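J.: For reference, the structure I am asking about is given below.
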Amino acid sequence: MENEAVIIDSSRLKSVVWKDFDRVKFGENCVAMCKHCQKRLSGSSTSGTSHLRNHLVRCRRRLNHDVPQLVGTRGRKKKETTVAVATVCVDQQQQVGQVATLVQPKIEYAFTKDCSSNLVNGYFDQKRSRFDLARMIIMHGYPLQIVEDVGFKTFVRNLQPLFEFVTFDGVEGDCMQIYHKEKQKVSDLLDKLPGKISLSADMWTGKGEAKYLCLTAHCIDDEWKIRKKILNFLLVDPSHTEDMLSDVIMMSLMEWDIDRKLFSMTFDTCSTYDNIICKIRDRLSQSKFLLCDGQLFHVSCAGDLIKHMAQDALEAVSEVTHKIRESIRYVKSSQAMQEKFNEMAQLVGINSQKCLFLDNALQWSSTYFMIDIALEFKDAFSLLPEHDPVYTMCPSFEEWDRVSPIASYLKLLIEVSNIFTGSNHVTANTHFPEICEIHLQLIGWCHKSDDFISSLGMKMKSRFDEYWKKCSLALAIASILDPRFKMKLIEYYYPRIYGNSAPDCIEIVSNCMKALHHDHYINSTLASDGQNNGSVDGAGNDTRDRLTGFDRFVHETSQGANIKTDLDKYLEEPLFPRSMDFNILNWWKVHTPRYPILSMMAQNILGIPLSKGTSDSAFNVGDRVLDSHWSILRSNTVQALMCAQDWMQNNSEDTKSSANTSPLAICYDTS
């Protein structure tokens, strides 16, 4: 049975810590009971007061953490004082018995790679915490001004009183340090890549009329994983000429030292961008950096093509769309009006469970969904004027018939866009059959007897043909490198597209495939030559491979001697069974020893970003918009934040895929 508790007068005790504790005697034992949380700690005269001070620092129920008073010692300056703060655990049972100790009064900012807490050898790590704050701002796109907000300071002060507040300039500098360290990691990654790099470019809009050029590198690494890294986020003057923009891009390529490794460039479908790419291709061709004479260098974004064709289709029925939009707005204007419309739907036998809604003018996909649902209720809309003479915006039967095929085509475009952006790991081989289906649909439209549909089909096909002229080779070759299709998919679609000219078109693709394979073979032997050239074994004997020239000779004369290349073997073997969960990168990783040259080619081709849009931007009208909080910053700071955010998010994905680790548990060497 527990002894009766007796409170002992502690007024004679000299330490200020006893203002927050009651000294209680239980029989022969003395304990110190916290006045805030009632926790019992040792209160004997031989125990000292260090454990009591540290408990008050971490006591959750103590409203006012008077840290300087608790940890101050006579004869020492405040700035030379620090305290060890125990890690807060959610499990209250684990806190029982945890006692923090007072450390030597000296500030030390040691750093460790242990991610468990911001305590290092008993010292609070200010530097670690500052970089944690900067990483949080970068990863989640928070405004840098948050560090000077009163609410943020109050939160941090109550959470960790030892944290020294950072100014705007201070956190900006921390972000720049993180950027430079991460940039070196990306540079090392690009330098070690076994294959080529493809580049994509996007235009972003900032505050006011500010325009930013975002350059992103795409590649497949030696583990056959897709890598995507933003390289530059550059403020550009809209008045810049094509020569100036091409110079800016070339400078970026040389800054990253990837001009020799560039395989292709993907821009939006715009004549201005076409001229920029041509200028860059000419400069790289002069240095003989491009494979296959740069035939696959110029790539237009398939997602951008789809977006423009969708806008063409919607523009053609804009008057009908306006009537549909106003009709929906009228029906949803009141509860009574909605109930009357529901009665009309029941009268004409409509049992749809879908609800009418107004579209978002900034997303063309939402306009399609608005039209598609409205088409299901078209008979109800047509009946409504007979019961409500105020309603005058109903489309005519001819207008409903006109918008119906447009909706079907928009549905196809949305399905294709979802395939292109449905994953972060979409490879180039997925594009050919989808683009061919769009092509066939347009061919059918052009031959329609309906003048409206045929004229619209001709307009859209003219836009499509410009894209097809630039990208059909890349699309076809990427498809051939899919072991489920090889040449068969080309032989299936080309007769339907080209008719009697199909054999000649297939021959063009085949010749390009062989030329590209030959260039990769030459490139591989030259690389091998460079690696072995001058190498000497430990005994001092020259071990250079003197027969690399012979290897090239054998390859160049192999056709005449009926020696099969790995390309020939690949094309002759049966197709791999087609399945929805097929992973083409895993297939090539496994079959690299069997097809050494062709696998290098697949690594470069499959990494081309034939469509560079994301699920967030695929259906948006206009450029991507930079957050207003970051738009007001200096251009070099904006670049640092955008690049570092991309790199850190990619690192988080890689970390989570290899281990179940939280993104915020990633540590940085800040030395």
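The values are calculated or read from the model by the stated rules, or taken from the named source; none is laboratory data. All figures in this text were calculated on a predicted structure; none of them were measured in a lab. A quick note on method: Cβ atoms are made from the backbone with ideal geometry, for glycine too, and the neighbour counts reach across all protein chains shown. Just so you know, the surface numbers come from the protein's heavy atoms only, side chains and all, with ligands and any DNA or RNA stripped out. Shrake-Rupley method; radii C 1.70, N 1.55, O 1.52, S 1.80 Å.
J.: Pull up all non-local amide H partners of residue 220: gap of 5 or more, or a different chain, and H-to-H distance under 5 Å with H placed in the peptide plane.
T.: Under 5 Å from the amide H of residue 220 lie the amide H atoms of 227, each far enough along the sequence or on another chain.
J.: Also, I was wondering about something else. Rank these residues by their accessible area, most exposed first, probe 1.4 Å: 326, 255, 28. Walk me through the numbers before you get to the answer.
T.: Numbers: 326 60, 255 105, 28 165 Å².
Descending accessible area places them as 28, 255, 326.
J.: Cα atoms only, region 482-525: Rg and Dmax in Å?
T.: 12.8, 40
J.: Return the tail of the calculated pair distribution for region 129-170, meaning the percent of Cα-Cα pairs more than 13 Å apart.
T.: 52 percent
J.: Just reorder 492, 570 by solvent-accessible area, largest first, 1.4 Å probe, all chains present.
T.: Order by accessible area, largest first: 492, 570.
J.: Which ³J(HN,Hα) values in Hz, rounded to whole numbers, follow from the phi angles of region 172-186 under the Karplus curve 6.51 cos²θ - 1.76 cosθ + 1.60, where θ = phi - 60° and Gly and Pro get x?
T.: So the Karplus estimates, Gly and Pro as x, are 5, x, 4, 4, 5, 5, 4, 4, 5, 5, 5, 4, 5, 5, 5 Hz.
J.: Here is a follow-up. What's the carbon and sulfur percent of region 245-326's accessible surface, probe 1.4 angstrom, rounded to a whole number?
T.: Working: 1450 of 3260 Å².
Ligands and nucleic acids excluded, carbon and sulfur give 45 percent.
J.: Let me ask you something else. Working with all protein chains in place, sort 140, 517 by solvent-accessible area computed with a 1.4 Å probe, largest first.
T.: Largest to smallest exposure gives the sequence 140, 517.
J.: Follow-up. Order 385-391, 433-439 from most to least packed using the mean count of other Cβ atoms within 10 Å.
T.: Descending mean neighbour count gives 433-439, 385-391.
J.: For region 558-627, with every protein chain kept in place, what is the accessible area per residue (1.4 Å probe, Å²)?
T.: 54 Å²
J.: Related question: Where only protein heavy atoms count, and the probe is 1.4 Å, what is the accessible area per residue for region 402-534 in Å²?
T.: Value returned for region 402-534: 43 Å² of accessible area per residue.
J.: Find the centroid of the Cα atoms in region 339-405 and in region 566-591, then give the distance between the two in whole Å.
T.: 48 Å
J.: Please give the per residue accessible area of region 308-398, computed with a probe of 1.4 Å over protein heavy atoms only, in Å².
T.: With all protein chains present, region 308-398 gives 53 Å² per residue.
J.: Oh, and also: Give the long-range amide H neighbours of residue 211: residues separated by 5 or more places, or on another chain, with amide H under 5 Å away, using H modelled in the peptide plane at 1.01 Å from N.
T.: Those lying under 5 Å, H to H, from residue 211 are 206, 236.
J.: Which value, in Å² rounded to 10, gives the accessible area of residue 16 with a 1.4 Å probe and all protein chains present?
T.: 40 Å²
J.: Got a number for carbon plus sulfur as a percent of region 352-396's accessible area, 1.4 Å probe?
T.: The computed percentage sits at 59.
J.: Same structure, new question: Would you mind checking 196/229; 207/461; 225/307; 225/612; 307/470; 469/514 for any pair whose Cα atoms are more than 25 angstrom apart?
T.: 207/461; 225/307
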